[in-house]
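Undergrad: My questions all concern the structure below.
Nothing in this text is a laboratory measurement; each read-out follows from the coordinates by a stated rule. The structure presented is a predicted model; accordingly, all values stated were derived computationally and were not measured. Backbone-built Cβ (ideal geometry, glycine too); neighbour counts: all protein chains shown.
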Amino acid sequence: MLETSLGTPVQAATLPRPLDMLIATILSQNTNDKNSHRAYTRLRKKYKRWKDVADAPLRGIIAAIRVGGMANQKSVRIKGTLAAVKKRFGGYSLAALGKMDSNAVIENLTRIDGVGIKTASCVLLFSMGRDVFPVDTHVHRICGRLGLAPGCTTPEKTSHSMKSLIPKGKAYSFHTNLIRFGRRICRSNNPACDICPLYETCVFSGKRRSNHARRATLSTDHDFMLLDNVT
Ligand code: SF4
């Protein structure tokens, strides 16, 4: 249904390195994808290697990523993550993950302080091309409204519940379309139920259709996704 309404997203043929993706996910927190992309781009321009970031003073990192918001906290997390990666994998690279199955990747990554199953799943899907379905707060909200993950009160619980529901090979398409659907139609506040193609299946008690269909936007302006644009 979502592919019929929103199209079938196609993942890029060339994917970024897993460590690039891991740092990008830190920068993506609590900001929109355009600002986090600016922060990521400025950080990479200022420091050519992750070792340079690990060795840099916090104030230098903060200045580079300020545009993405919460720069003080994120700079500390980035340095802490890089230190943990070096300690665990022997250098500033996560190339060793490529030889592991997806469960082992999740197990290894979630041992790093601050890395949860959502971030580990993003690394798997967006930089390793694995058929793994990340659940963030937006995907969690929509799965709940659509009755796909009944009783799941957290993104982690939804993530476990959804595992058996995603058709083989569809994790990227379904994740991307749920993000698009959440931005264009099923917004957190003021969902555009008037134009929702899933109205009949939606179990959300707050769904509403007005008598006079109000104007609702199907703008694709907010389709830009950081994790598809990490280089
Ligand atoms: S009917 Fe409304 S609340 Fe339900 S999925 Fe559609 S937009 Fe979201």
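Undergrad: Which whole-number percent is the relative contact order of the chain (Cα, under 8 Å, 6+ apart)?
TA: Result for the chain is 26 percent.
Undergrad: Now for a different question. Could you work out the per residue convex hull volume over the alpha carbons of the chain, in cubic angstrom?
TA: Value for the chain: 127 Å³ per residue.
Undergrad: Let me ask another. Taking neighbour counts of Cβ atoms within 10 Å as a proxy for exposure, in what order, fewest first, do SER205, SER121 appear?
TA: SER205, SER121
Undergrad: Further, regarding this structure: Under Stokes-Einstein, with the Kirkwood radius over Cα pairs standing in for Rh, what whole-number D in µm²/s applies to region 18-128 at 25 °C and 0.890 mPa s?
TA: The estimated diffusion coefficient comes to 176 µm²/s.
Undergrad: Then there's this: Can you sort HIS138, HIS37 from fewest to most other Cβ atoms within 10 Å of each residue's own Cβ?
TA: Fewest to most other Cβ atoms nearby, the residues stand as HIS138, HIS37.
Undergrad: How high is the relative contact order of region 18-128, given as a whole-number percent (alpha carbon pairs under 8 Å, six or more residues apart)?
TA: The value is 32 percent.
Undergrad: Would you tally the net charge around LEU6, using a Cβ to Cβ cut-off of less than 13 Å, leaving LEU6 out, and scoring K and R as +1, D and E as -1?
TA: Residues near LEU6 contribute +1 overall.
Undergrad: Right, something else. Cα-Cα over 31 Å: which of LYS86/LYS118; LYS34/LYS163; LYS46/LYS87; LYS45/LYS163; LYS46/LYS157?
TA: Listed pairs above 31 Å: LYS45/LYS163; LYS46/LYS157.
Undergrad: Work through the residues other than LYS45 whose Cβ is under 12 Å from its Cβ and net out their charges, Lys, Arg +1 and Asp, Glu -1.
TA: That works out to +4.
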